[in-house]
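Data first, discussion second: the structure below is written as structure tokens.
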Amino acid sequence: MEEFQIERLVERCETFLRKAGYRESLISRYHYVWKVGIQSYMQERNLAFYNADIGNEYSKTCCDSDGHVRSFDRVLLRSIQMLDDMLATGCIRKTNRTATVREFCGEIGNHMQDFLQYLAGIRRSKGTIEIYERCLHDFLQYLTDHSVLHLLDISEQCVVGFLQPYTNKQGGFKSLRGWFSYMEEEGVMPNTFMELFDSFPKLRRHQEVPSFYSVEEIKKIESSIKRSSAVGKRNYAMFLLASRLGLRASDIARLKFNDIDWEKNTLTITTQKTGKVVQLPLLADVGNAIIDYLKYGRPQSNSDSVFLSARAPYTEATKQTVSCGVARIITKSGIDYSNKRHGPHSMRHSLAGLLLGNGTMLPVISEVLGHKSSESTMTYLQIDIADLQKCALSVPVTEDSFYKQGGGMFYA
């Protein structure tokens, strides 16, 4: 088993953190944690060389008798993880939430896994596959809980019993239908319940009127953004990409330097959701905001991503980074956002509403927003109030005789 002198290993960790751009205050904190933690533990036992087994034994002392971990003990455990990373790879991983691992076991689970691999093979998006995976795993869990372990034991009652109380009915319906259809094409199941699925009432998402903000509100939001800090410069540029160009949060987060043509003042991206290539004009305000961030706010990094995390180690910004940043901007702007969504997608809706109000044709708006078809854009017709009012029909006048039926008693 690989081992290393503890003092030297700690020095290597501190050097790595310093090169990765961590603050000196944080490095000093971990220096203290290693000193009072693992180094003290090893000194008491006359151990000079650290290895993973020693770290594992020490980690057991960081939990109480019930297995609970206190806040400072979490820091101690993180310090051990850093030592183990440095010992094994020469690098320190950034802390991330543990990704959800869904296991598909047994006969049914194996066939579900084959279907998910098929979806990946036909290049369905990661987001779509994630929905199928989550819903199918929930269905597998439902079957297991009801002692249904073999394909031939799946009945209509299983399908209905699962879908009836299921929270995401649309996702569950689509996932099960897709899986059963695949099983039918593969000749694996004699009965795939297609007639049952056809008999279900159409499951459509509750169509809410998209949240949107007026031009005046958006101007007020933009003017409220404090751009003196690095985070402020970054979030301002992100916000303009959402409000002026209607980009989704995922596409803003994934923006690369190659996507921007500064000479032609264009921005060309392949949207993550639809895979469609969209070319948009790089408006002066948007371009200047990006330049301001790159020159005075972006941490030094060799990453080809435009937007980076605000804390070391500086990695590509995530969809959540954009969503939370935009939401925080809107809620602090002073505008009335009650009963409205206030994430980056609301800016996308607002841009669509503005284009509709200016008489822009739906196919053009579809191109700007990166929709695969104009059907997706039809949703935004609900916010074009002016044109909807033109479509309103006057209520015909009702004769007095109608109200005097039955001796003057209206439906008495």
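The values are calculated or read from the model by the stated rules, or taken from the named source; none is laboratory data. As the structure is a computational prediction, the values presented were derived from the model and not from experiment. Cβ atoms come from the backbone with ideal geometry, glycine included; neighbour counts cover every protein chain shown.
Working carefully through the options R93, R97, R124, find the one that is surrounded by 14 or more Cβ atoms within 10 Å (Cβ to Cβ), at pLDDT below 90, of a type in the set (K, R) and part of a loop (DSSP other than H, G, I, E, B).
Values: R93 fails: surrounded by 14 or more Cβ atoms within 10 Å (Cβ to Cβ); R97 fails: surrounded by 14 or more Cβ atoms within 10 Å (Cβ to Cβ).
Result: R124 is the single residue among R93, R97, R124 that is surrounded by 14 or more Cβ atoms within 10 Å (Cβ to Cβ), at pLDDT below 90, of a type in the set (K, R) and part of a loop (DSSP other than H, G, I, E, B).
Could you figure out which of (1) modelled with pLDDT under 90; (2) surrounded by 13 or more Cβ atoms within 10 Å (Cβ to Cβ); (3) hydrophobic (A, V, I, L, M, F, W, C) isn't true of M86?
M86 satisfies all of (1) modelled with pLDDT under 90; (2) surrounded by 13 or more Cβ atoms within 10 Å (Cβ to Cβ); (3) hydrophobic (A, V, I, L, M, F, W, C) except (1).
Give the residue, chosen from K273, K264, that is part of a loop (DSSP other than H, G, I, E, B), at pLDDT below 90, of a type in the set (D, E, K, R) and out of contact with any Ser or Thr (no Cβ under 6 Å at 6 or more places or on another chain). I'd like the intermediate steps shown before the answer.
Working: K264 fails: at pLDDT below 90.
None of the others qualify; the one that does is K273.
Go through region 59-83 and report how many residues are modelled with pLDDT of 90 or more and either outside the structural domain of R18 (by TED's automatic domain parsing) or among the β-branched types (V, I, T) (or both).
Total meeting the criteria: 1.
Could you count how many residues in region 2-45 are assigned to a loop (DSSP other than H, G, I, E, B) and either under 18 Å from T95 (Cβ atoms) or under 40 Å from the mean Cα position of the chain (by Cα) (or both)?
Start the filter on region 2-45 by keeping residues that are assigned to a loop (DSSP other than H, G, I, E, B), which leaves 2-3, 20-23, 45.
Subset that is either under 18 Å from T95 (Cβ atoms) or under 40 Å from the mean Cα position of the chain (by Cα) (or both): 2-3, 20-23.
Here the count works out to 6.
Does Y182 fit the bill of being under 30 Å from R248 (Cβ atoms) and hydroxyl-bearing (S, T, Y)? It would help to see each step written out before you state the result.
Numbers: under 30 Å from R248 (Cβ atoms): yes; hydroxyl-bearing (S, T, Y): yes.
Answer is yes for this residue.
What is the residue count in region 288-310 for residues that are buried (at least 17 other Cβ atoms within 10 Å of the Cβ) and in contact with a Leu (Cβ under 9 Å, 6 or more places away or on another chain)?
6
Limited to region 291-344, what total is found for residues that are of a type in the set (D, E) and under 15 Å from the mean Cα position of the chain (by Cα)? Walk me through it before giving the result.
Initial filter on region 291-344 (of a type in the set (D, E)): 292, 304, 316, 336.
Now narrow it down to the ones that are under 15 Å from the mean Cα position of the chain (by Cα): 316.
Within region 291-344, residues that are of a type in the set (D, E) and under 15 Å from the mean Cα position of the chain (by Cα) number 1.
Need pairs with beta-carbon distance below 7 Å; first residue modelled with pLDDT under 85 and within region 1-29, second loosely packed, with under 13 Cβ neighbours inside 10 Å and in a helix (DSSP H, G or I); sequence gap 6+ or separate chains.
What qualifies is M1/D53.
Check region 314-326 and report whether any residue there is assigned by TED's automatic domain parsing to the domain that holds K220, under 16 Å from K219 (Cα atoms) and of a type in the set (A, V, I, L, M, F, W, C).
So far as region 314-326 goes, yes, one or more of its residues are assigned by TED's automatic domain parsing to the domain that holds K220, under 16 Å from K219 (Cα atoms) and of a type in the set (A, V, I, L, M, F, W, C).
Answer yes if at least one residue in region 186-205 is modelled with pLDDT of 85 or more, among the polar types (S, T, N, Q) and in the same structural domain as L116 (by TED's automatic domain parsing), and no otherwise.
no
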